[in-house]
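Written out below as structure tokens is the structure these notes cover.
The values are calculated or read from the model by the stated rules, or taken from the named source; none is laboratory data. As the structure is a computational prediction, the values presented were derived from the model and not from experiment. A quick note on method: Cβ atoms are made from the backbone with ideal geometry, for glycine too, and the neighbour counts reach across all protein chains shown. In case anyone asks, the SASA skips ligands and DNA or RNA and just uses the protein heavy atoms, side chains included. Shrake-Rupley method; radii C 1.70, N 1.55, O 1.52, S 1.80 Å.
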2 protein chains.
Amino acid sequence: MQMDERKRKILRAIVQDYIATAEPIGSRTIARKFDLGVSSATIRNEMADLEELGFIEQPYTSAGRIPSDAGYRYFVDCLMDPQELNAEEMEIIERESSKRINELQEVIAHTGKLLSELTNLTSLVLGPHKGKSTFGKMHFLPYQPGQVIMVIVKENGAVENHILDVGENLSAEELQHVAEVFNQKMRGYSISQVKRSMLHEIYSELSRQRLLIDNAMDMLRAILDGKEEDERIHLGGTLNMLNQPEFKDLAKVKTLFKVFEDNEPLKKLLTPRQEGLNVTIGGENTLKEFRDCSLISATYKVNGLTIGAVGVLGPTRMDYAKVIAIVDFMTRSMTEILTRRRR
Amino acid sequence: MQMDERKRKILRAIVQDYIATAEPIGSRTIARKFDLGVSSATIRNEMADLEELGFIEQPYTSAGRIPSDAGYRYFVDCLMDPQELNAEEMEIIERESSKRINELQEVIAHTGKLLSELTNLTSLVLGPHKGKSTFGKMHFLPYQPGQVIMVIVKENGAVENHILDVGENLSAEELQHVAEVFNQKMRGYSISQVKRSMLHEIYSELSRQRLLIDNAMDMLRAILDGKEEDERIHLGGTLNMLNQPEFKDLAKVKTLFKVFEDNEPLKKLLTPRQEGLNVTIGGENTLKEFRDCSLISATYKVNGLTIGAVGVLGPTRMDYAKVIAIVDFMTRSMTEILTRRRR
DNA sequence: TGTTAGCACTCTACCTCGATGAGTGCTAAC
DNA sequence: GTTAGCACTCATCGAGGTAGAGTGCTAACA
């Protein structure tokens, strides 16, 4: 059996109607609502075919039909009209984007908020991964008696500071010396690459500042090994899910929100299999908790390099055309903002 | 009408049973479950009195009784046996506390997690407020060409760093000079206290580094004016609420979670009216969304100074004795950890 | 006078049952 | 190939009926 134009029209009608109403739709309603020029009986026959092809299914005998995952997939790939953002959405984005945004965190928070507000769904934003954390440079600054500020510049340019105990009062010269030794030996190394021999060398050159070095190494371990805040998934509009009729069941809400609490699976989900825009529908999802959901995700770039991703999660019954348009637009906008920020 | 010993016993039985079962309880069940030495008819009479006194109420005619807010209040104030943590809880806390915790953020996250796990309720933790943000000291460190790291030490000891454009390449000496001028003029001032005259002085002393100063001032404004991350309420175990029978209604969940998304009201709620432990029951709550909830909150100290608070939020039907014991213990533990951290 | 047994009454939760209506598949006519 | 007609299915909804928990009142009892 083949898909012909009429079957396509009917499938499109079913998907569109179900997206709009969340109710199964029957042949008679299709005949009434959509002007296909054939009777409900004909549509009925075609629907039987569509069911056999796996594109639609019945929740129970003598209910209407709803699209299957495969049906949504066919819709997204072959039937959907690409959509532009409407004037209102454009205006919201314009207005929001005109606000001055400095920090990366703000861009992320902002993008997530906008995404979830425009789609009425849940947004996921993965901040730019900064690559391997390797040691760049170390500085010491005076703080309280017996304590200094250690400023670490990682090789990727990230800067962090931490308070460090130095035990006895060390002079500025001594501190500078310690920093220089570290800078010389460790530049470009990650913590796991620090060999025993390297440590030996540092200790032997700085035998007197043992406490300081121990503390500094502890701190470096924590900094270079630690999870980057930016690698967390930022969720927005999780409550929007509660407005979806498919989540009027409390048990479903619970399992869904449980997944939201755990960062790693989400990160894996969002880390793109390929660049650009991805649509993952229902059961295509690797997370079984999301088998009733679809995810529209896309990557964004800075200076031509893909460094992060955003996504919108909703029930499989989501307005694909609109959400795709929004996600596409937002990643472009994000790329632009982040590129502008760079000097 | 007066409360006598028997009324007290009956009220205690009602509260305890309702806390355990979440079901209204009737006179016969009380007579069976609790050995009060009187018949159900007598208990019935007493219950009529208790209802008249406002301590219990009927959801509908011929249902059992449940405690009213006033009933819980009387229970907490007069009837409740103070409770010790049990062995299992002790062990969990011991085990968790033995982990090495460095950063304040970790202490907060950790406390929240523990609180929500032990109580199966939602925890709220308000980090230590750091007082007014006033300028302490400024440093510059080399970064990329045309950019420097500006390290700001606030007067309360907090340290932050930010990347700053400096326009033309400035020498280390020039940068140090700029920092010195700022340090001299601004120490101890908040942004709102910076007068036009002060700015004039700075500009006139540093006429050549106009761009740097503008950028630095922008940054200072953002840093000193900005919300402290620590002043956010950290929520833990919000999903636990979904396990409470009183939140099997989706609409209630929605309004509750909506409140969780907004920081300010929660902050106000947790900011203690008085030191030590507070119990706020149902309608005593200022937030109308929490009128079915109770909040057990307590402050914690560092070096004798009250600097933050934690709380546990649950349905009014919560195990007050246990939660109070846990919150009390955790604030003590938190005080201890934070004091130990201080040198 | 306080306590208790007994009883009529109330009200929810739950079940059953039939009506309703949307929808289907099949068949035969066009 | 298309359509009208028809018997059939099944979820939903409301009505009615029952069970059970609980109450308040009254009268008897110690």
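Note on the range B:276-289: residues that are open to solvent by less than 20 Å² (accessible area, probe 1.4 Å) and in contact with a helix residue (DSSP H, G or I) (Cβ under 7 Å, 6 or more places away or on another chain) total 2. If you go through the range A:111-142 and keep only what is modelled with pLDDT under 90, open to solvent by less than 30 Å² (accessible area, probe 1.4 Å), away from chain B (no Cβ under 14 Å) and over 16 Å from A:THR331 (Cα atoms), you end up with A:SER133, A:THR134, A:PHE135.
Cβ-Cβ contacts under 9 Å between residues 6 or more apart (or on different chains), taken from a first residue in the range A:240-258 that is within 10 Å of chain B (Cβ to nearest Cβ) to a second residue that is open to solvent by 70 Å² or more (accessible area, probe 1.4 Å) and outside any helix (DSSP H, G or I), are listed as A:LEU242/A:LYS248; A:ASN243/A:ASN120; A:LEU250/B:LYS248; A:LEU250/B:ASP249. Here A:PRO145 meets each of (1) surrounded by fewer than 13 Cβ atoms within 10 Å (Cβ to Cβ); (2) more than 11 Å from every other protein chain (Cβ to nearest Cβ) with one exception, condition (2).
Residues that are within 13 Å of another protein chain (Cβ to nearest Cβ) and not polar (S, T, N, Q) do not occur anywhere in the range A:92-99. Quick one: which of B:THR286, B:THR271, B:THR306 is at pLDDT 85 or above and of a type in the set (S, T, N, Q)? Of the residues listed, the single one that is at pLDDT 85 or above and of a type in the set (S, T, N, Q) is B:THR286. Checking each residue of the range B:182-203 against the condition of being within 14 Å of chain A (Cβ to nearest Cβ) and polar (S, T, N, Q) gives at least one match. Taken over the range B:68-118, residues that are over 18 Å from B:HIS234 (Cβ atoms), of a type outside the set (S, T, N, Q) and touching a residue at least 60 places away in the same chain (Cβ under 8 Å) amount to 16.
The one condition from (1) surrounded by 11 or more Cβ atoms within 10 Å (Cβ to Cβ); (2) more than 12 Å from chain B (Cβ to nearest Cβ); (3) free of Cβ contacts under 8 Å to residues at least 24 places away in the same chain that A:ARG273 does not meet is (1). The criterion of at least 2 residues that are more than 16 Å from DNA strand D (Cβ to nearest atom) and touching a Gly at 6+ places or on another chain (Cβ under 7 Å) is met by the following strands (runs of 3 or more DSSP E) wholly inside the range B:59-171: B:122-126, B:147-154. Does the range A:1-20 contain at least one residue that is surrounded by fewer than 14 Cβ atoms within 10 Å (Cβ to Cβ) and within 13 Å of DNA strand C (Cβ to nearest atom)? No, because not a single residue in the range A:1-20 is surrounded by fewer than 14 Cβ atoms within 10 Å (Cβ to Cβ) and within 13 Å of DNA strand C (Cβ to nearest atom).
Taking the range A:25-44, which residues are of a type outside the set (A, V, I, L, M), more than 9 Å from DNA strand D (Cβ to nearest atom) and in a helix (DSSP H, G or I)? Within the range A:25-44, A:SER27, A:ARG28, A:THR29, A:ARG32, A:LYS33 qualify.
Return the residues of the range A:159-174 that are more than 10 Å from every other protein chain (Cβ to nearest Cβ) and open to solvent by 20 Å² or more (accessible area, probe 1.4 Å); say none if nothing qualifies. A:GLY167, A:GLU168, A:ASN169, A:LEU170, A:SER171, A:ALA172, A:GLU173, A:GLU174, listed by residue number. Restricting attention to the range A:21-32 and to residues that are open to solvent by 50 Å² or more (accessible area, probe 1.4 Å) and over 36 Å from the mean Cα position of the chain (by Cα), the residue that is nearest to DNA strand C (Cβ to nearest atom) turns out to be A:ARG28. Going through (1) modelled with pLDDT under 85; (2) out of contact with any helix residue (DSSP H, G or I) (no Cβ under 8 Å at 6 or more places or on another chain) one by one, B:ILE213 falls short only on (2). Being near DNA strand D (Cβ under 10 Å from one of its atoms), modelled with pLDDT of 95 or more and away from chain B (no Cβ under 14 Å) is a condition met by at least one residue of the range A:45-53. So in the range A:54-65, with the set limited to residues that are within 13 Å of DNA strand C (Cβ to nearest atom), surrounded by fewer than 21 Cβ atoms within 10 Å (Cβ to Cβ) and not charged (D, E, K, R), which one is nearest to A:GLN16 (Cα to Cα)? Checking each candidate, the answer is A:GLY64. Taking the range B:234-343 and the helices (runs of 4 or more DSSP H) fully enclosed by it, the elements with 3 or more residues that are within 19 Å of B:SER97 (Cα to Cα) are at B:320-341. With respect to the conditions (1) more than 10 Å from DNA strand C (Cβ to nearest atom); (2) without any contact (Cβ under 8 Å) to a residue 40 or more places away in the chain; (3) not charged (D, E, K, R), A:ILE43 falls short on a single one, namely (1).
The residues of the range B:297-322 that are over 19 Å from B:GLU231 (Cα atoms) and without any contact (Cβ under 8 Å) to a residue 40 or more places away in the chain, listed by number, are B:ASN303, B:GLY304. Set side by side, the residues B:ASP81, B:ASP35, B:ASP77, B:ASP49 differ, and just one is within 16 Å of DNA strand C (Cβ to nearest atom), open to solvent by 70 Å² or more (accessible area, probe 1.4 Å) and not hydrophobic (A, V, I, L, M, F, W, C), which is B:ASP35.
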